[in-house]
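The values are calculated or read from the model by the stated rules, or taken from the named source; none is laboratory data. Keep in mind that this is a model prediction, so the values were computed, not measured. Neighbour counts run over all protein chains shown; Cβ positions are idealised from the backbone, glycine included. Note: areas computed on protein heavy atoms with side chains; ligands, DNA, RNA excluded. Shrake-Rupley method; radii C 1.70, N 1.55, O 1.52, S 1.80 Å.
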Amino acid sequence: VSTQSTWRLQALFGKEEPAVLEEARRRFAQLVESPDDARALPSDFRTPVFKIVASAGGEAELEQLLRLFGHWDNSNVEQKSVMLSIGALPTLALKRRVLDWTTSGAVKRQDFFYPMYSVSGSSLEGLDLMWTYLQENFDKIWGYISTASPSLMDAVIGACCGGFCSSQKADEIQAFFESHPLPLSRRTISQTLEAVRINATVLDHFRAPEFLPLIQC
């Protein structure tokens with residue numbers, strides 16, 4: 001297993017291990033101190049390490065990630081490592097601050113859905129927040145990207161709605177977009193609703209009594 005894969009696995013399954021967190025924090029601190037020194041933390045490892053640090057972090061880690069993002073204003077690759085990990089911050093208040101930053105104009109229009117995926121993919125609570133945030137800020141978000149490629153709105157829809165597995169949530173999403181029509185994203189909305197309903201059916205299937213012993217194992 002490559003070192004890069006090892007860090008990714010640790011970000012998923014080992015982030016609560018003290019030794020993993022300590023090493024991630026050490027490397028992160030070195031990078032914050034010398035953001036142009038690739039020896040501190042090579043680019044390939046940054047997203048998983050940032051996720052580990054952010055998930056156990058707070059206000060200070062948020063500010064450090066934002067500082068790195070600003071420092072790397074000429075490198076989309078480096079900025080992307082921040083955008084894909086910053087949503088891992090542990091509290092809903094911090095996640096909401098990430099979303100406010102994302103929609104403030106600080107992130108390039110063609111990239112601003114990446115932090116949204118980071119928030120929605122961080123936890124079930126993050127997914128719920130992302131969906132709520134879209135509903136509360138739809139006019140602002142649509143106004144920001146309405147003149148850009150429809151693929152940007154498609155990406156926002158995927159980030160905000162694609163992770164659900166509830167028929168009730170699918171109905172809620174459908175009702176929202178019926179009252180906020182997006183003709184150019186009609187296919188994406190339809191595909192997203194179909195995927196959510198399929199996921200809900202599969203989940204209900206595995207909740208059947210005959211599957212409970214397997215799930216509990």
- prompt: Considering the dipole of the range 32-131 built from charges on the beta carbon (Lys and Arg +1, Asp and Glu -1) around the Cα centre, which of SER123, LEU65, PRO42 is farthest to its positive end?
  reply: SER123
- request: Please turn the phi angles of the range 181-191 into ³J(HN,Hα) values with the Karplus equation 6.51 cos²θ - 1.76 cosθ + 1.60 (θ = phi - 60°), one per residue in order, whole Hz, x for glycine and proline.
  value: x, 10, x, 6, 10, 4, 5, 4, 4, 4, 5
task: Convert each backbone phi in the range 78-86 into a coupling constant with the Karplus relation 6.51 cos²θ - 1.76 cosθ + 1.60 (shift: θ = phi - 60°), then list the ³J(HN,Hα) values in order as whole Hz, x for Gly and Pro.
output: 5, 4, 5, 4, 6, 4, 7, 10, 5
field: Excluding exposed DSSP-loop trypsin sites (Lys or Arg not before Pro) (at most 15 other C-beta within 10 Å), longest clean stretch of the chain
entry: 110-206
Relative intensity, log₁₀ I(q)/I(0), of the range 74-117 from a Debye sum that treats every alpha carbon as a point, q = 0.17, 0.18, 0.34 Å⁻¹: -0.41, -0.46, -1.30
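Please express the shape of the range 9-101 as an equivalent ellipsoid: the semi-axes are the square roots of 5 times the eigenvalues of the C-alpha gyration tensor, given largest first in whole angstrom. Walk me through the numbers on the way to the answer.
Values: eigenvalues 64, 60, 24 Å².
Equivalent-ellipsoid dimensions as semi-axes: 18, 17, 11 Å.
What does the accessible area per residue of the chain come to in Å², with a 1.4 Å probe and no ligands, DNA or RNA counted?
Values: 11600 Å² over 217 residues.
In whole numbers, the chain has 53 Å² accessible per residue.
Normalised by the number of residues in the chain, what is the relative contact order in percent for Cα pairs under 8 Å and 6+ residues apart?
Values: 217 pairs, mean separation 27.0, N = 217.
Relative contact order, the chain: 12 percent.
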- prompt: Sorted from largest down, what three extents in whole angstroms do the Cα atoms of the range 58-145 have along their principal axes?
  reply: 32, 29, 17
field: Two-site FRET efficiency, ASN137 against ASP171, from Cβ-Cβ distance with R₀ of 25 Å, rounded to 0.05
entry: 0.70
- prompt: Based on the alpha-carbon gyration tensor of the chain and its eigenvalue square roots a ≥ b ≥ c, which shape applies: rounded if a/c is under 1.5, prolate if not and a/b is larger than b/c, or oblate?
  reply: oblate
query: Can you give the calculated 222 nm mean residue ellipticity of the chain, where each DSSP H run of n ≥ 4 adds -39,500 (n - 2.57) and the sum is split over every residue, rounded to the nearest 500 deg cm²/dmol?
result: -21500 deg cm²/dmol
query: Taking the Cα centre of the range 125-184 as the origin, how large is its charge dipole in debye, to the nearest 20, when only Lys and Arg (+1) and Asp and Glu (-1) carry charge on their Cβ atoms?
result: 160 debye
statement: For ARG39 and ASP100, extending 7 Å from Cα along the Cα-Cβ vector and measuring point to point gives, in nm, a value of 4.0 nm
field: Hz values of 3J(HN,Hα) by residue in the range 148-156 - Karplus curve (6.51, -1.76, 1.60), Gly and Pro given as x
entry: 8, 4, x, 4, 5, 5, 4, 5, 4
query: Over what distance in Å are the Cα centres of the range 146-189 and the range 18-85 separated?
result: 31 Å
query: Using a 1.4 Å probe on the protein chains only, how many percent of the accessible area of the chain belongs to carbon and sulfur?
result: 54 percent
